[in-house]
1. Between A:GLU259 and A:THR171, what FRET efficiency follows from the Cβ-Cβ distance if R0 is 25 Å, with the result rounded to 0.05?
2. Looking at chain B as a GNM with Cα springs under 10 Å, which of B:LYS147, B:LYS297, B:LYS71 has the largest mean-square fluctuation?
3. Where the only charges are on Cβ atoms (+1 Lys, Arg; -1 Asp, Glu), what is the dipole of chain A about its Cα centre, to the nearest 20 debye?
4. What is the mean number of Cβ atoms from other protein chains located within 10 Å of the Cβ atom of each residue in peptide B:75-88, rounded to a whole number?
5. What's the ranking of A:267-277, A:212-222 by average number of surrounding C-beta atoms within 10 Å, highest first?
6. Lysines near A:LYS602 by alpha-carbon distance under 25 Å, same-chain residues fewer than 8 away left out - which ones?
7. Quick check on my link table: of A:LYS411/A:LYS489; B:LYS287/B:LYS315; B:LYS71/B:LYS287; B:LYS193/B:LYS297, which ones sit more than 29 Å apart, alpha carbon to alpha carbon?
8. Select from A:MET500, A:ALA483, A:MET78 the residue farthest towards the positive end of the dipole of chain A; place +1 on Cβ of Lys and Arg, -1 on Cβ of Asp and Glu, and compute about the Cα centre.
Amino acid sequence: MASQPTEKRVNNFTVKIATANGTGSASANGLIMKSLFRMGIPVSGKNYFPSNIQGMPTWYEIRASRDGYIARAEDVDMVIAMNAETYVRDVQEVRSGGFLLYDSSWPRANVLTRDDITVLGVPLAQMCNEAFQGARNRILMKNIAYAGALAALINLDMDIIRTLLGETFRTKTHLIDSNMKAIELGYNYAIENFDCPLPFTAEKMDATAGQLMIDGNTAAGLGAVYAGATVAPWYPITPSTSLMDAFKSFAERLRKDPETGERKFTMIQAEDELAAIGMVIGANWNGARAFTATSGPGISLMSEFIGLGYFTETPAVLFDVQRVSPSTGMPTRTQQCDIMAAAYASHGDTKHVVLFPANPEESFYFAVKAFDLAERLQTPVFVLLDLDIGMNDWMCPMLEWDDSYTPDRGKVMSAEDLETTEFYRYLDVDGDAIPYRTLPGTHPEKGAFFTRGSGHNKYGQYTEISEEYVEVLDRLRRKTDTAATLVPKAAIDEPFDTDMAIISVGSCDGAVREARDHLSAQGIHLNYMRVKAFPFGQEVDDFMDRYERIFVVEQNRDAQLKSLLILETRVEKAKLESILHYDGMPMSAKPITVAIEKAVAKGEAA
Amino acid sequence: MSYIAKPKVAHPKLPRNDLGLTRRDYEGGMSTLCAGCGHDACTAAITQAAFELSIPPHRFAKMSGIGCSSKTTAYFMGNSHGFNSVHGRMPSVATGANAANQDLHYIGVSGDGDSLSIGMGQFAHAIRRNLNMTYIIENNGVYGLTKGQFSASADVGTKAKKGEMNEQPPIDPVSTAITLGATFVARSFSGDKDQLVPLIKAALSHKGFALVDVLSPCVTFNDHEDSTKSYAYTRQFYHPAIHTDFVPPAQSIEATYNESGTANIELHDGSQILLRKVQDDYDPTNKANILNHIQSKQQDGEFLTGLLYIDEGQKDFHALNKTVSTPLNAVPYQELCPGSDALESVLARYK
Ligand SMILES: Cc1ncc(C[n+]2csc(CCOP(=O)(O)OP(=O)(O)O)c2C)c(N)n1
Ligand code: SF4
Ligand SMILES: [Mg+2]
C-alpha cells in the first residue's frame with residue numbers, strides 16, 4: 001500500500017460512492033450522511049442517479065463542511081468504488097493525494113493506474129458471502145459493510161450508527177442486528193488492515209443542533225398541507241413525483257380519520273398534465289386550495305390552461321421541479337431552465353408570479369406563500385424548485401409554524417357581502433387592479449358570473465368591443481405591479497464598499513456564497529442579491545443601480561434570469577455579465593470563482 | 001354592448017315548481033346561435049329539466065369546453081356559475097370543481113368535436129372516475145364553430161355541405177362510454193323534447209357519470225340531404241329502445257304508470273326512473289347485450305335512443321377517493337392545518 005502524505009483535515013472532506021442503481025446503497029449512504037449530521041457536522045448529500053430502475057450506475061456524494069458550505073464540492077477526497085462498470089472513470093475522480101476504497105474480493109490491480117492516490121481494498125463481497133445467506137441480502141449487506149469500513153477510516157461514531165439503525169428498523173430487531181453485523185465486518189477489517197484514521201476525519205462538533213436533513217420536495221409537500229391545500233391532481237414526472245408523494249403521506253397521516261378512513265383531501269392521478277392543471281383551475285375556481293407538481297415537459301403541456309387561469313383570474317399553484325431540458329432532456333439531472341417558460345407561460349400577453357426557493361426551508365415557506373399569493377392576486381403562481389433542491393438532502397433550520405397564521409383567501413364575496421354590495425366580476429373597485437370574485441353556489445340570486453377565456457369586459461360579460469377588451473387587459477398589467485409589491489423580496493447582502501456584485505437565483509445560492517468567501521480571501525469583494533420572485537420588486541432595480549459590474553449566476557445555457565432582468569427592469573444591459581452552468585450537475589463554487597477571477601484580471605489589464 | 005340579457009318578467013299564471021320558481025328563473029342569456037340550431041332545443045330541455053326537478057339554480061355549476069354547443073351554458077340558468085373553459089378540457093375543470101364541492105350539481109355541455117376529438121382523453125377519464133355529473137354532448141357530426149369540418153362522429157358516407165365525403169368510421173360516444181364504464185348512458189334527439197327532458201332529469205338524479213348524447217343538427221353546416229345528422233334523417237331513423245319517464249322521490253309511482261312492460265329503477269336520491277319497453281328484448285342493465293344491440297341498429301343506419309345503460313351500484317369519484325362528506329372547500333382551515341405541535345413530531349425523523 002503506497003501511503004501518500006496528506007495534510008490533516010477535520011470535518012472538511014468529500015466522499016463519493018459509486019454503486020449500481022437498485023442495490024440498496026441508498027440506505028448505506030443515508031446512514032453515513034446522517035451519522036455525520038448527528039455528530040454535529042454540517043453535511044450535504046448529492047445523488048446522481050440514472051433515469052433507470054435497476055442496474056445503471058449511480059453516485060452519491062457526501063460533503064462534510066466545518067464551515068457550513070452546502071454547494072457541490074470541488075474535489076473528491078475519497079471514492080468508494082462499488083460498481084465495476086464505472087470503475088475506470090471513478091478512479092479518475094479522486095483528487096491527487098486522495099483515497100480509493102474498492103471491493104477487493106476480485107482483485108483489479110490492472111486498472112489501478114494512478115500512483116498519486118492511495119488504494120484501499122476491502123473484500124466486502126467475500127466477507128458478506130461468508131457471513132450472510134441469500135443473494136439479495138448479500139448485496140445489501142455488502143453495501144452496508146462499506147459504510148462500516150468508512151466509519152473506521154474517518155472515525156464515525158459507532159454509537160450513533162447503532163442508534164440510527166435502531167430508528168430505521170424500529171420494529172424489526174433482526175434487521176438491526178444483521179445491519180450492525182455488516183457494519184462491524186467492514187469496520188474491523190479496516191481497523192486491522194489500514195492505518196486508521198485517514199488524514200481526513202470526522203470529529204464531533206456542534207453545528208447541526210436545531211437543523212433538519214430534508215429534501216425540498218418533502219418540505220414543499222408539507223408546506224402544501226400546512227397551507228390547507230385539499231385538491232392535489234398530478235401526473236407522474238421526475239423529479240416532481242416525490243413532492244406529491246410527500247403531500248400524500250403527510251395528508252394521510254394528518255388529515256385522515258383513523259376510524260372511518262375519510263380524508264380531508266383528495267389526490268387525483270390525472271391522465272396527463274393538461275388534465276392536472278385543468279383540475280387545479282376547476283378546484284380553485286370552486287374555492288378549494290388546489291395545486292399540482294410537474295417538471296418542464298408538464299409545463300409545456302399545461303400552457304393553454306395557464307393562460308386561461310391568467311385571463312379568467314383563477315388562482316392556481318404549480319410546483320415546477322426543474323430538470324435538464326429541452327424536450328425529455330436528462331430527467332434525473334438538475335437545471336434552472338424554465339425561468340422564462342414560467343414567467344411568460346401560454347400564448348398572448350401573459351405574465352406570471354414565480355417564486356424561486358433556494359433550499360428546502362424556503363420550499364416549505366414559499367409553498368404556503370404561493371397559495372396566499374394565488375388567491376390574493378387571483379392568478380396562477382409558480383414555485384420553481386429544481387432537482388437539486390427537490391431531491392437531494394439538505395441541512396436546513398428547523399421549520400417553524402406560526403399557529404396564528406390565517407390563510408389569505410383573497411377577495412371572495414360571501415352571501416352577506418352580496419346583500420349589501422354590487423358585484424361585477426372584473427371591476428377594479430379598490431384600485432389595486434384586483435377584482436372581487438364569488439364562489440359557485442353562494443347566493444340564490446346574486447353574484448353568479450360566467451367564467452370565460454374569451455374576450456370579456458369589466459362586468460364579466462362577453463365582448464368583442466376593442467375598448468372593453470383593452471380596459472381588462474390593461475388592468476391585468478397593473479395587477480402585475482401589485483404582485484411585485486406582494487412577492488418575497490430579494491435577499492440582499494452588501495457588506496463591502498465595491499462596485500461589483502453578483503445576482504443569482506434558487507439553488508445557485510450555496511455556490512455563490514462559497515465563491516464569495518474564496519474571492520474575498522483573494523481581495524476580490526462582491527456584494528450579492530438573490531432574487532426570490534418575479535415580478536421583480538423595486539429593490540431589484542435599486543440594487544442594480546448601485547453597481548457598475550454585475551455577474552448573473554444561473555443554471556441554464558441561455559441566461560434566462562439575465563434576460564428577464566433586462567426585459568423587466570431598467571438595468572443597462574452592458575452591466576450584466578453571465579456566469580452559466582448547465583451540465584446537469586449541481587453547481588459548485590468553482591465556475592463562479594474562476595469566471596470572476598478571470599473577469600477581474602481582464603478588467604485590470606484593460 | 002354585445003351582451004344580451006333577457007328581460008325577466010314572470011307572468012303571474014306561469015307554472016311554479018316546488019321552490020315557487022317559474023321556468024323563467026332557469027333561463028339564461030339570449031342565444032347567439034343560428035336560428036333553428038339543435039343546440040337551442042337542448043338548452044330548452046336542460047332549462048325545463050332543471051325547473052321540473054326544483055333544484056335551486058344557484059346550486060348548479062355549468063361547465064363547458066369550446067364550440068357552438070359549449071357556448072350554450074350561457075343561455076340557461078343565468079343565476080348559476082358557469083365555466084366556459086378551453087377546447088376539449090371541460091372534464092378536467094369539472095373534475096376539479098367537483099373535487100372541491102360535491103354538493104353542487106354539475107352539468108357539462110360539450111360538442112362532438114370537443115369530446116370525441118381534442119377532448120377524447122379527458123372525456124374517457126372523467127368516465128373512468130365516475131365523476132358525479134351530467135355530461136351532455138350536443139352531437140351534430142361537424143365542427144360548427146369553425147365552419148363545418150367533419151367531426152369524429154360523422155358517419156361513413158356523410159357528405160359535407162361542399163360535397164366532400166367522410167370515409168373514416170365514426171366514434172360513437174354511447175358505445176364508447178359504455179365500454180369505458182360509464183354508469184348512465186342515454187341518447188336522444190334535440191327535436192324530441194318528450195324523450196329528452198325526462199332523460200336529463202334522470203341523468204341529473206343519477207349519482208355518477210351520466211352521459212346524454214343528443215343528436216343536435218347543425219342547420220348551417222350539416223342539415224342537407226347527404227347528412228346522417230340532419231333533422232330529416234334523424235326523425236326518420238331514430239329508434240326509441242325504451243320509453244323513459246322520471247319520477248322525483250316524493251311522488252307515487254303507481255299513479256303515473258301501470259302499464260305492463262314497465263320497469264322501475266330507483267336512483268340514489270330515492271327518485272325513480274320508469275322504463276317502458278318499446279322493444280321487448282331491451283334491458284338497460286344488461287351490459288353484455290347492449291353493445292350488440294346498439295351496433296346492430298347502427299348497421300341499419302338507425303340510432304337507438306332512450307336510456308341505453310344504467311348501473312346505480314357503482315361508487316362515484318368521492319366514494320372512490322374516500323373524501324369527507326363536507327365539501328372540501330368548506331372544511332375549516334383549522335381542520336386542515338395540523339399546527340406547530342404536529343410539525344415538531346412530523347419532522348422528528350428528519351433530525
Ligand atoms: C386548442 C384549440 N384548437 C382549436 C380551436 C378551434 N375550435 C373552436 S370550436 C372547434 C370545434 C367545435 O366542434 P364541436 O365541439 O363539435 O362544437 P359545435 O360547434 O359543433 O357545437 C374548434 C376546432 C380552439 N378553440 N382551441
Ligand atoms: S353553426 Fe351549426 S352548430 Fe353552430 S350555431 Fe349554427 S347551426 Fe348551431
Ligand atoms: Mg359539433
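1. Details: r = 23 Å, r/R0 = 0.92.
Approximately 0.60, to the nearest 0.05.
2. Of the options given, B:LYS147 has the highest mean-square fluctuation.
3. Dipole about the Cα centre, nearest 20: 1360 debye.
4. Mean inter-chain Cβ contacts per residue within 10 Å come to 6.
5. Values: A:267-277: 23.3, A:212-222: 28.2.
Packing order, densest peptide first, comes out as A:212-222, A:267-277.
6. Once the sequence-local lysines are set aside, what remains near A:LYS602 is A:LYS562, A:LYS573, A:LYS575, A:LYS590.
7. On the way: A:LYS411/A:LYS489 23 Å; B:LYS287/B:LYS315 17 Å; B:LYS71/B:LYS287 34 Å; B:LYS193/B:LYS297 22 Å.
With Cα atoms farther than 29 Å apart: B:LYS71/B:LYS287.
8. A:MET78
Bear in mind these aren't lab numbers, they're just calculated from the coordinates by the rules spelled out. Remember, it's a predicted structure, so these values are computed and weren't measured experimentally. Here the Cβ is made from the backbone with ideal geometry for all residues, glycine too, and neighbour counts use every protein chain on show.
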